[in-house]
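Written below as structure tokens is the structure these notes are about.
The values are calculated or read from the model by the stated rules, or taken from the named source; none is laboratory data. The model shown is predicted, which means the values in this text are computed figures rather than measured ones. Neighbour counts are summed over all protein chains in view; Cβ atoms, including those assigned to glycine, are modelled from backbone coordinates with ideal geometry. Please note that ligands, DNA and RNA were not included when accessible areas were found on the heavy atoms of the full protein model with its side chains. Shrake-Rupley method; radii C 1.70, N 1.55, O 1.52, S 1.80 Å.
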Amino acid sequence: MRSNWDPALIRRVAEVQGEDAFFDGTMSIAFVQGLQGTDPKYWKTASLQKHFLANSNETTSGGSSSDFYPRLFREYYSLPFRMAFEQGGARSFMASYNAWNHVPMTVSPVLSSIAAKQWGRMGLSLPTRRTESDLDAAPRGKLRTVIRFGLPDPSARVPYSQIGLAGEPEP
């Protein structure tokens with residue numbers, strides 16, 4: 001298998017802070033925490049990480065394959081996502097349109113084996129080819145998000161419930 005180690009071909013660098021995966025991950029942590037807030041129970045908003053993984057082509061992303069070794073997956077391409085989940089608190093992502101090593105990301109086993117099980121994402125985004133158990137699990141991710149927004153709770157208990165209301169300071 002050939003590795004395309006050219007960031008201009010693999011990563012959409014204009015959408016990240018640069019080519020350094022660790023720096024991108026560090027910035028992702030800060031961005032996620034800024035979006036979701038600092039309250040241990042409630043979120044201001046839900047951070048959706050996209051596009052997982054190696055989405056580099058705008059015009060052919062639905063039919064292209066980013067081909068690289070698993071080591072590059074672990075050490076480079078997935079690192080910002082892993083940092084955003086494990087350290088930043090992100091809980092959902094959107095699969096990219098491209099394939100990785102000729103397996104479409106929307107049905108790739110890494111969505112469940114790595115992103116869900118190892119990184120603990122509580123997704124809003126599921127693979128397009130769904131099993132009955134996937135469909136049974138889908139409402140749980142949405143329900144967890146609704147709970148983290150504090151929608152079932154009295155607004156007086158939710159620190160972010162006053163954002164945007166008349167007479168309140170702008171966010």
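Descriptive notes on the structure:
- Note on region 23-55: among residues that are among the polar types (S, T, N, Q) and open to solvent by less than 20 Å² (accessible area, probe 1.4 Å), the one that is modelled with the lowest pLDDT is 55.
- If the condition is being assigned to a loop (DSSP other than H, G, I, E, B) and β-branched (Val, Ile, Thr), then region 58-103 contributes 59, 60.
- Looking across region 118-139, the residues that are at pLDDT below 80, over 25 Å from residue 61 (Cβ atoms) and under 17 Å from the mean Cα position of the chain (by Cα) come down to 120, 122.
- When 68, 85 are screened for being buried (at least 18 other Cβ atoms within 10 Å of the Cβ) and in contact (Cβ under 8 Å) with a residue 60 or more places away in the chain, only 68 passes.
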